[in-house]
Amino acid sequence: MSKSLRDWLATDISPIKDQPISWISQHHFFRDPVRPAYSDMSYFFSPADGIILYQKTVRGDESIIDIKGRPYSLQDALRDPGYEAESLVIGIFMTMYDVHVNRVPYPGRLSYRELDPIDTINHPMLDVETSLLEDLGIAPDMLDYLHHNQRMVNRIDSPELGLSYFVLQIADYDVDCITPFTLKQHHAVYQGERFSQIRYGSQVDLIVPLSSRFVFETLQSTGDHVEAGVDALIRISESKHTSSSAEEDFPYAVKYGASVPHVSQ
């Protein structure tokens, strides 16, 4: 269940904080605990265990956060200069102490594409983890890895919501460490299903384009620690205005090659 960062450190991390890194790597990091399967179509659940770094609504070209004076937008995050949709984005930092199995926030059909690091190697995230665990906060300048590192863009097309949303996995210093559990594209996934693992310190962003059909309300506080498939991040409620345009109902589904009802490819 979600906890404040301070409570999470006291209850979950304190008992193991003195263990050597070798023990954490071998006996703690790769755990995959059994969890209850929550299914509620009124919510997006968390895709990852970790600490919420930011949650805000932005246009595709609008800065989510400024890093060393350089804006970081959804176009930068997805490496897609054509992404224009106003979207709700929630960034979750996964520490080495977290379960690193990622889960589906809302059911649909999942496709993915891997994007290599912009530089020769990924930028490390250790400073962010150290600052969060020791100082209970970070400076935006520590997030430089967001511009550079290897990432997997997972698109999930939801006929129920009439939109395509994204789960963006960003890798830490080690390369080739994002591991999908199936290589099949456009396959059906259910809410809470385990779909991938990302190794060591890393980040996962949930990106939901706004819709004329629904209102999306965030439920957790920035700085809280959440668990994948357990904690609801976004409440979904119907809007008074609904769209009659199939292409508008499925933003970016056509562009990314999705198969959706009544939309010509």
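The values are calculated or read from the model by the stated rules, or taken from the named source; none is laboratory data. These numbers were taken from a predicted model, which means no experiment stands behind them. Note that each Cβ is placed from the backbone with ideal geometry, even for glycine, and that neighbours are counted across all protein chains shown.
Residue-by-condition table, conditions (1) without any contact (Cβ under 8 Å) to a residue 60 or more places away in the chain; (2) closer than 30 Å to residue 119 by Cα; (3) not in a helix (DSSP H, G or I):
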residue: 30; (1), (2), (3): no, yes, yes
residue: 66; (1), (2), (3): no, yes, yes
residue: 71; (1), (2), (3): yes, yes, yes
residue: 77; (1), (2), (3): no, yes, no
residue: 82; (1), (2), (3): no, yes, yes
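If the condition is being closer than 19 Å to residue 191 by Cβ, in a loop (DSSP other than H, G, I, E, B) and not β-branched (Val, Ile, Thr), then segment 214-240 contributes 219, 220, 227, 228, 229, 231. Against the numbered list (1) in contact with a Pro (Cβ under 9 Å, 6 or more places away or on another chain); (2) within 22 Å of residue 189 (Cα to Cα); (3) crowded, with 16+ Cβ neighbours inside 10 Å, residue 85 comes up short only at (2).
Just one residue in the set 210, 219, 183, 161 is surrounded by fewer than 22 Cβ atoms within 10 Å (Cβ to Cβ) and more than 17 Å from the chain's Cα centre (by Cα); that residue is 183.
Of (1) within 14 Å of residue 233 (Cβ to Cβ); (2) among the charged types (D, E, K, R); (3) touching a residue at least 60 places away in the same chain (Cβ under 8 Å), residue 56 satisfies all except one. Which? If we test residue 56 against (1) within 14 Å of residue 233 (Cβ to Cβ); (2) among the charged types (D, E, K, R); (3) touching a residue at least 60 places away in the same chain (Cβ under 8 Å), just (3) comes out false.
Within the option set 158, 202, being modelled with pLDDT of 90 or more and under 23 Å from residue 110 (Cα atoms) holds for one residue only, 158.
Pairs meeting the criteria (first residue in segment 216-232 and over 10 Å from residue 47 (Cα atoms), second residue among the basic types (Lys, Arg) and surrounded by fewer than 20 Cβ atoms within 10 Å (Cβ to Cβ), beta carbons under 7 Å, at least 6 apart or on different chains) are 217/235; 219/235; 224/3; 225/3.
Could you tell me whether residue 191 is part of a loop (DSSP other than H, G, I, E, B), at pLDDT 90 or above, surrounded by 13 or more Cβ atoms within 10 Å (Cβ to Cβ) and not hydroxyl-bearing (Ser, Thr, Tyr)? Full working, then the answer.
On the way: part of a loop (DSSP other than H, G, I, E, B): yes; at pLDDT 90 or above: yes; surrounded by 13 or more Cβ atoms within 10 Å (Cβ to Cβ): yes; not hydroxyl-bearing (Ser, Thr, Tyr): yes.
Judged against the criteria, residue 191 is a match.
Among the residues making up segment 145-188, those that are assigned to a loop (DSSP other than H, G, I, E, B), of a type in the set (A, V, I, L, M, F, W, C) and farther than 27 Å from residue 129 by Cα are 161, 183.
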